[in-house]
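First up is the structure itself, then whatever we jot down about it.
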Amino acid sequence: MRARELRRDLEVAVILADSYPNYSICGLPFYLSGETDNWRDLAHRTDFDGIELLCKRSAQSFDPNAKVVTTRSTEGRAENFKYDRLIVATGAKPILPDIPGIDHVFPLHSMTNSFRIHEEIASKGVHRAAIVGAGYIGVEMADALTHRKLQVQLIGRSKSVLPSVDPEIGEQIREHLEEHGVCVRTEVEIDRITKQGEREFVLEGASGFQTTAELIVWASGVVPASDLAKSAGIETGIRDACKVNQRMETNLPNVYAAGDCVETWHRILQRYSYLPLGTTAHKQGRVAGENAAGGEVEFAGSVGTQVVKVFDLAIARTGLLDREAESGGCSPLTAMTEAYDHKPYYPGAEKLRIRVTGDLRSGLLLGAQIAGHWKADVAKRIDVFATALFHRMKVDEINSLDLSYTPPLGSPWDAVQTASQNWSAMQRQESEVRKR
């Protein structure tokens, strides 16, 4: 789309393995919950002026010397397509471990996956579901299937729910899930699944763990779908993701790569990492498209901003956790603050829990996490911290931001500024202690 915006004379074709161009994978839990009742509403757009969609064709290989992509259709027909510039955007694929009975599970990574789960619930009268994986998709699916009136178990191998945030917030999420009837089991790794009867499955794990379910949704993470790229000679790195520079160029001439199949430049750490996020994929795709059309732009890098809604709770993070900052050579200090989203004298005020991480030595902001009611502007407040991180601001400088205020929506010192002030006070105390 970006290439066509800049060059109307370009012939642009997209080779697509299924028939669902530009549908939101991130929206699948809300289709399955019934909150988005028509799956067609998940389409970002349906008008692709000047872009040829080659649907139901999977790329089997490409030859960077001949500049040819070889595909195979769902009917088994092989076809070759010539290119001048190629963008590899094969995304990621679900992690499915090699354990007995893994063929009984339902991953959730495509429109087809969601249709299978929807059909299973609707046609077979499923009442009990187990979700394996307590990350973003796992907690969203716990919400979605509870919304569908199923009894839900959430099973994760990490010590706390949503391990991409600190355990203190993970515990808050766990309590919120349990308040809504979700049975949460952590530190459990499933190693066997057995069918029992017509439609019941037994899940077994270490230390004698055992439970049953009629539906198993597997959401234990993803890995880059880089096999096609590697077979053509593209170099890979972290977690086997394609290596690219900030122009999204691979080591092969005239071949770009973007999205969940590539390494991502981390703006804070100033090195590459693997951050499979929809927002990142959009930005990288735009850069790759512009450069493939003859442009000269660079991907500015990611700070890892994420947000998720679980029932009435919104949880967001940006930047680094303590452990990530330490591995990056920083000297992190984290302060936790509770602050209202708006003036308490106006009805409906909600408490926010905000964790600010900064560098003890330099005072630079390193990261932030927020948990609170989903209507309390958690997402927009984490964006304040994300913007500060993007511009390498110090925690103290957040106090100087001219943020909006009216009693129904905020305070003269917004919650993000109150949390930043608390961090600065802790930094001073810690510095005094170290001087002694």
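The values are calculated or read from the model by the stated rules, or taken from the named source; none is laboratory data. In this text, all values refer to a predicted model and were calculated from it rather than measured experimentally. Quick reminder, even Gly has a Cβ in these numbers, built from the backbone with ideal geometry, and neighbours come from all protein chains shown.
Exactly one condition in (1) over 17 Å from GLY358 (Cα atoms); (2) without any contact (Cβ under 8 Å) to a residue 40 or more places away in the chain is not met by ASN399; state its number.
The number of the failed condition is (1).
Among the residues of segment 51-73, write down those that are of a type in the set (A, V, I, L, M) and farther than 17 Å from ASP84 by Cβ.
Step one: of segment 51-73, the residues of a type in the set (A, V, I, L, M) are 51, 53-54, 59, 66, 68-69.
Within segment 51-73, LEU53 is the sole residue that qualifies.
Among the candidates VAL356, VAL378, VAL433, VAL416, which residue alone is over 25 Å from LEU177 (Cα atoms) and surrounded by 21 or more Cβ atoms within 10 Å (Cβ to Cβ)?
None of the others qualify; the one that does is VAL416.
Against the definition (aliphatic (A, V, I, L, M), in contact with a Phe, Trp or Tyr (Cβ under 8 Å, 6 or more places away or on another chain), within 21 Å of THR211 (Cα to Cα) and not in a strand (DSSP E or B)), how does LEU177 come out, yes or no? Quick ask: steps written out before the conclusion?
Numbers: aliphatic (A, V, I, L, M): yes; in contact with a Phe, Trp or Tyr (Cβ under 8 Å, 6 or more places away or on another chain): yes; within 21 Å of THR211 (Cα to Cα): yes; not in a strand (DSSP E or B): yes.
Considered against the rule, which asks whether it is aliphatic (A, V, I, L, M), in contact with a Phe, Trp or Tyr (Cβ under 8 Å, 6 or more places away or on another chain), within 21 Å of THR211 (Cα to Cα) and not in a strand (DSSP E or B), LEU177 comes out as yes.
So for segment 312-323 (the condition being buried (at least 19 other Cβ atoms within 10 Å of the Cβ), β-branched (Val, Ile, Thr) and in the same structural domain as VAL416 (by TED's automatic domain parsing)), does at least one residue qualify?
Looking through segment 312-323, at least one residue is buried (at least 19 other Cβ atoms within 10 Å of the Cβ), β-branched (Val, Ile, Thr) and in the same structural domain as VAL416 (by TED's automatic domain parsing).
Where the second residue is acidic (Asp, Glu) and modelled with pLDDT of 95 or more and the first is outside any loop (DSSP other than H, G, I, E, B) and lies in segment 295-312, which pairs have Cβ atoms under 8 Å and are six or more apart or on separate chains?
Going by the 8 Å Cβ cut-off, the qualifying pairs are VAL308/GLU140; LYS309/GLU140; LYS309/ASP143; VAL310/GLU140; VAL310/ASP143.
Looking at this structure, is LYS343 outside any strand (DSSP E or B), surrounded by fewer than 18 Cβ atoms within 10 Å (Cβ to Cβ), out of contact with any Asp or Glu (no Cβ under 9 Å at 6 or more places or on another chain) and touching a residue at least 60 places away in the same chain (Cβ under 8 Å)? Outline the logic, then answer.
On the way: outside any strand (DSSP E or B): yes; surrounded by fewer than 18 Cβ atoms within 10 Å (Cβ to Cβ): yes; out of contact with any Asp or Glu (no Cβ under 9 Å at 6 or more places or on another chain): yes; touching a residue at least 60 places away in the same chain (Cβ under 8 Å): yes.
The answer is yes for LYS343.
In segment 402-413, how many are among the small types (Gly, Ala, Ser) and either in contact (Cβ under 8 Å) with a residue 60 or more places away in the chain or surrounded by 10 or more Cβ atoms within 10 Å (Cβ to Cβ) (or both)?
Residues in segment 402-413 being among the small types (Gly, Ala, Ser) and either in contact (Cβ under 8 Å) with a residue 60 or more places away in the chain or surrounded by 10 or more Cβ atoms within 10 Å (Cβ to Cβ) (or both): 2 in total.
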